[in-house]
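Encoded as structure tokens, the structure appears first; notes follow it.
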Amino acid sequence: MTQPPLTAFDTHIDIPWPERTADGLPAWEGGAREDVWSVETARRFTVPKARQGQVGAVCLAAYIPQATLNTAGIEAAWRRTQAMLDVIHQISSGGQAEDVRLCRTATEIRSAIEGGALAIVPVVENGYGIGDHPERVAYLAQHYGIRYITLTHNGHNQLADAAVARGEDARKYGGLSDCGRAVIVEMNRHGVLVDVSHASKETMMQASELSSTPVFASHSCARALCDHPRNLDDEQLDRLRETGGVIQVTAMAPFLRRGGGGTLEDLVRHITYIAGRIGVEHVGFSSDFDGGGGIEGWQDASQTHHVMRALQEAGFSRNECYALSGGNMLRLLEKSEEVADGIVSRGSNGLFT
């Protein structure tokens, strides 16, 4: 298969939640939506900045903060999930829409990159809004085209234990709940990747055993180099190698180096460590822009090409840089589509037919 041009696939970028009008609806006109097409904005990710940084594809995340595990909280999270995904769809249908394409499959992403358009892939950060309704995964996949769900955020939800508890016991279920297991089955059925960033180690290890598609971490780093609970330790990294998963090293300073700072050199150090331990085919990078990400040398999307240059200077070949810059993520998406197709062929409903 012919490789697309060497551009970056940034697998985790947050969208800012727009201010609200009196009726509770997003106030886009003249506001945040237009910022997506601007260079003169505090946002770290915009379409022009992505162009400047040689970004070919992005996962835009509908981020859902963790709140109380009751019906009211879960239903509010479900409404917010849909509203934020609506916003992501609007980005690809407004402004200079010919410059971006909403992509549901790896083939569509490759086609967008080859055609010079920015591929936008909708995803969900935190499965809190799913509640005890695993069937909501099908709706999110079929209606919005989401390609991954981060199982948890900071704080346990109804699906699983998180790596960072919020004033609660460190363990709630000892990993996945029964509901979480059912949700992963639905994710496999609909080609939705299982994102274990923010999940506890027990959750991650159990998810990797249960999921028919390799799990991945959309924005985490190596715990051996920075002892933060959000990072993956060597046993978890080895599990990714054993199961075919991927970790996307992220530009979040506290995950790269304890005690402050965090630079592009630190990011490359984490990538090099992980590639040396489990192989180049199991690692990539992501920014977490507009969700706290941004380090010296990679402050916004316009500087993303700095990462690719730094990887080449660190000794990675062009083919290895292609894998690190998005090839591994595309392969994982293709695998999830194959798994979903296989489930469909056995008589179950899915996304890819």
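The values are calculated or read from the model by the stated rules, or taken from the named source; none is laboratory data. Owing to the predicted nature of the structure, the values given are computational and were not obtained by experimental measurement. Cβ atoms come from the backbone with ideal geometry, glycine included; neighbour counts cover every protein chain shown.
Annotation note: Cβ proximity below 7 Å between a residue of region 240-259 that is on the phi > 0 side of the Ramachandran plot and a residue that is crowded, with 21+ Cβ neighbours inside 10 Å (sequence gap 6+ or interchain) occurs for GLY244/PRO214.
The rows are residues; the columns are (1) touching a residue at least 24 places away in the same chain (Cβ under 8 Å); (2) within 24 Å of HIS89 (Cβ to Cβ).
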residue: GLY131; (1), (2): yes, yes
residue: LEU140; (1), (2): yes, yes
residue: ALA165; (1), (2): no, no
residue: VAL183; (1), (2): yes, yes
residue: LEU210; (1), (2): yes, no
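Counting only helices (runs of 4 or more DSSP H) that sit wholly inside region 242-333, those with at least 3 residues that are aliphatic (A, V, I, L, M) are 264-278, 304-313.
The residue pairs whose first member lies in region 217-234 and is in contact (Cβ under 8 Å) with a residue 60 or more places away in the chain and assigned to a loop (DSSP other than H, G, I, E, B), whose second member is buried (at least 19 other Cβ atoms within 10 Å of the Cβ) and of a type in the set (A, V, I, L, M, F, W, C), and whose beta carbons are closer than 6 Å, counting only pairs six or more residues apart or on different chains, are PRO229/ALA163; ARG230/ALA163; ARG230/PHE255. Do we have any residue at all in region 325-344 that's over 21 Å from the mean Cα position of the chain (by Cα), at pLDDT below 95 and surrounded by fewer than 17 Cβ atoms within 10 Å (Cβ to Cβ)? Within region 325-344, one or more residues are over 21 Å from the mean Cα position of the chain (by Cα), at pLDDT below 95 and surrounded by fewer than 17 Cβ atoms within 10 Å (Cβ to Cβ).
Of the candidates VAL121, VAL194, the single residue that is surrounded by 21 or more Cβ atoms within 10 Å (Cβ to Cβ), β-branched (Val, Ile, Thr) and in contact (Cβ under 8 Å) with a residue 60 or more places away in the chain is VAL121. Of note, THR71 satisfies the criterion of being surrounded by fewer than 21 Cβ atoms within 10 Å (Cβ to Cβ), among the hydroxyl-bearing types (Ser, Thr, Tyr) and either farther than 21 Å from SER218 by Cα or at pLDDT below 95 (or both).
Taken as a whole, the structure leaves GLY175 outside the set of residues that are of a type outside the set (Ser, Thr, Tyr), out of contact with any Ser or Thr (no Cβ under 7 Å at 6 or more places or on another chain) and more than 18 Å from HIS219 (Cα to Cα). Inside region 134-152, can you point out the residues that are in a loop (DSSP other than H, G, I, E, B) and out of contact with any strand residue (DSSP E or B) (no Cβ under 8 Å at 6 or more places or on another chain)? PRO134, GLU135 - these are the residues of region 134-152 that are in a loop (DSSP other than H, G, I, E, B) and out of contact with any strand residue (DSSP E or B) (no Cβ under 8 Å at 6 or more places or on another chain). The combined condition, being modelled with pLDDT under 95 and surrounded by 17 or more Cβ atoms within 10 Å (Cβ to Cβ), is not fulfilled by VAL307.
Between ASP290, ASP300, which is acidic (Asp, Glu) and modelled with pLDDT under 95? Step by step, each of ASP290, ASP300 is checked, and only ASP290 is acidic (Asp, Glu) and modelled with pLDDT under 95. Give me a count of the residues in region 6-57 that are out of contact with any helix residue (DSSP H, G or I) (no Cβ under 6 Å at 6 or more places or on another chain), modelled with pLDDT under 65 and in a loop (DSSP other than H, G, I, E, B). Here the count works out to 12. Checking each residue of region 161-172 against the condition of being within 22 Å of MET329 (Cβ to Cβ), assigned to a strand (DSSP E or B) and either of a type in the set (A, V, I, L, M) or in contact with an Asp or Glu (Cβ under 8 Å, 6 or more places away or on another chain) (or both) gives no match.
What about ALA207, is it in a helix (DSSP H, G or I) and within 18 Å of the chain's Cα centre (by Cα)? So ALA207 fits the description; yes.
Has region 104-115 got any residue that is touching a Phe, Trp or Tyr at 6+ places or on another chain (Cβ under 7 Å), modelled with pLDDT of 95 or more and among the hydrophobic types (A, V, I, L, M, F, W, C)? Checking region 104-115: not a single residue is touching a Phe, Trp or Tyr at 6+ places or on another chain (Cβ under 7 Å), modelled with pLDDT of 95 or more and among the hydrophobic types (A, V, I, L, M, F, W, C).
Does ILE113 qualify as being β-branched (Val, Ile, Thr), closer than 26 Å to SER220 by Cα and over 18 Å from the mean Cα position of the chain (by Cα)? Spelling it out, ILE113 is indeed β-branched (Val, Ile, Thr), closer than 26 Å to SER220 by Cα and over 18 Å from the mean Cα position of the chain (by Cα).
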